[in-house]
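K.L.:
Pasting in a structure now, in structure tokens, and then I'll have a few things to ask.
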Number of protein chains: 2
Amino acid sequence: MINALGKYIREKREALRETDRRYTLRKVAGHIGVEPSYLSKIERGETSAYLTEEKIRLLAEYLNEDPDVLLGLSGKISQDVQEIIRRRPQLFAQLIRDLKRMPDHAILKIVREVRDGNW
Amino acid sequence: MINALGKYIREKREALRETDRRYTLRKVAGHIGVEPSYLSKIERGETSAYLTEEKIRLLAEYLNEDPDVLLGLSGKISQDVQEIIRRRPQLFAQLIRDLKRMPDHAILKIVREVRDGNW
DNA sequence: CATATTGTGTAGTATACAATACACAATAAG
DNA sequence: CTTATTGTGTATTGTATACTACACAATATG
């Protein structure tokens, strides 16, 4: 499985560090509850280094990033979203496959209409 | 992770067997490429017995079932669907969460409109 | 300059996942 | 009634995932 998370969070962390010296690898590691050596492996994209969803969420919070994006970068999908799909697999699989080639704005339009209660 | 697959496929296999004697556990196991003892464990819902997506697909074909349904029952989501979500995690996570409480017919309506190109 | 901090290298661990191999008792078929 | 077939029990295996522990060299700080 791909691991694009590392490069992304290293860049974000270094960017944050420009204005706030506290964003060291060790501080971040401590905050999400892993050994610094392990976070180092992740940031450098070592293929055998992964984080659990829980830790990716803590990381997202600390780096002010969207958890779904960070999960996506490490090849994962939020457990709650997975659960929704698993309850009605045919329906959701169908919908998602149909939306594969739709541009973002078309999907956002659906989101808005669903929220407005047009269904 | 839950494993409701076992009960479901045992019932389906036994139903098929009523009219076709070839639907034995051993035959099905041979068809999908696992040891009979392993399929036995799965059908009886032993928590530590799982099948890969590839084998669940072969099983679905052989039992004339929807692969997405069988994947769902074993707590999985089709790889191709996962890939679609991972490419635009924010967008899809948002949409799926918003659709959580929508009735089937409302989601089907969206599917139909997407297919009709109303976007 | 001494020392504190930082990132990284190496080695090792626990658990989940995805199976195999083979023996065996119960049932079915010839 | 013998033989074949069926489902299951037990033991074991390999790989992926998700980490820890600790040493160490380079860099930064007082």
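K.L.:
Averaged over A:76-88, how many beta carbons belonging to a partner chain fall within 10 Å of each residue's beta carbon?
P.N.:
6
K.L.:
I would also like to ask the following. In Å², what does the accessible area per residue of the range A:1-107 work out to with a 1.4 Å probe?
P.N.:
It amounts to 54 Å² per residue over the range A:1-107.
K.L.:
Take the Cα atoms of chain A, build their convex hull, and give its volume per residue in Å³.
P.N.:
Spread over its residues, the Cα hull of chain A gives 142 Å³ apiece.
K.L.:
Chains A and B: buried accessible surface, both sides, probe 1.4 Å, rounded to 100 Å²?
P.N.:
4400 Å²
K.L.:
Take the cross-link list B:Lys76/B:Lys109; A:Lys7/A:Lys76; A:Lys12/A:Lys100; B:Lys7/B:Lys109; A:Lys76/B:Lys12; A:Lys100/B:Lys55 and give me the ones stretching past 20 Å between alpha-carbons.
P.N.:
In this structure, B:Lys76/B:Lys109; A:Lys12/A:Lys100; B:Lys7/B:Lys109; A:Lys76/B:Lys12; A:Lys100/B:Lys55 lie more than 20 Å apart at Cα.
K.L.:
Please return the longest stretch of chain A lacking exposed loop sites, where trypsin sites (Lys or Arg not before Pro) count only if DSSP places them in a loop and at most 14 other Cβ atoms lie within 10 Å.
P.N.:
The segment A:45-99 is the longest one with no such site.
K.L.:
Once both axes come from the Cα atoms, what is the angle between helix A:53-63 and the longest principal axis of chain A, in degrees from 0 to 90, rounded to 10?
P.N.:
Relative to chain A, helix A:53-63 is tipped by roughly 70 degrees.
K.L.:
On to the next question. How many partner chain Cβ atoms sit within 10 Å of a residue's Cβ in peptide B:53-59, on average, as a whole number? Please list the in-between numbers first.
P.N.:
Values: counts 0, 0, 0, 0, 0, 0, 0.
Average neighbour count from other chains, rounded to a whole number: 0.
K.L.:
Carbon and sulfur atoms: what percent of the 1.4 Å accessible area of chain A do they account for?
P.N.:
Answer for chain A is 48 percent, counting heavy atoms of protein chains only.
K.L.:
B:Met102 to A:Arg21: FRET efficiency via 1/(1 + (r/R0)^6), r the Cβ-Cβ distance, R0 41 Å, to the nearest 0.05? Working shown, then result.
P.N.:
Working: r = 47 Å, r/R0 = 1.16.
Result of the calculation: an efficiency of 0.30.
K.L.:
From the phi of every residue in the range A:85-93, what ³J(HN,Hα) in whole Hz does the Karplus formula 6.51 cos²θ - 1.76 cosθ + 1.60 yield, where θ is phi - 60° and glycine or proline is x?
P.N.:
Values, residue by residue: 5, 4, 6, 9, x, 4, 4, 6, 4 Hz.
K.L.:
Follow-up question, since we're still on this one. Ordered by residue, what ³J(HN,Hα) values in Hz, to whole numbers, does the range A:24-40 give under the Karplus form 6.51 cos²θ - 1.76 cosθ + 1.60, where θ = phi - 60° and Gly and Pro are x?
P.N.:
3J(HN,Hα) across the range A:24-40, in whole Hz: 8, 4, 5, 5, 5, 4, x, 5, 8, x, 10, 5, x, 4, 6, 4, 4.
K.L.:
Treating the Cα atoms of the protein assembly as shown as identical point scatterers in vacuum, please give the log10 of the normalised Debye intensity I(q)/I(0) at q = 0.07, 0.08, 0.13 Å⁻¹, two decimals.
P.N.:
Taken in order of the listed q values, log10 I(q)/I(0) reads -0.32, -0.41, -0.92.
K.L.:
As I understand it, the value is the acute angle between the Cα axis of helix A:5-19 and the longest principal axis of the Cα atoms of chain A; what does it come to in degrees, rounded to 10?
P.N.:
Approximately 60 degrees, to the nearest ten.
K.L.:
Only Lys, Arg, Asp and Glu count, each charged at its Cβ (+1, +1, -1, -1), so figure out the dipole size of the range A:1-95 about its Cα centre, rounded to 20 debye. Could the numbers behind the result be given before it?
P.N.:
Details: 17 positive and 15 negative charges, 34 e Å.
Charge dipole of the range A:1-95: 160 debye, to the nearest 20.
The values are calculated or read from the model by the stated rules, or taken from the named source; none is laboratory data. What you see is a predicted model, and the numbers here were worked out from it, not measured in a lab. Note that each Cβ is placed from the backbone with ideal geometry, even for glycine, and that neighbours are counted across all protein chains shown. Just so you know, the surface numbers come from the protein's heavy atoms only, side chains and all, with ligands and any DNA or RNA stripped out. Shrake-Rupley method; radii C 1.70, N 1.55, O 1.52, S 1.80 Å.
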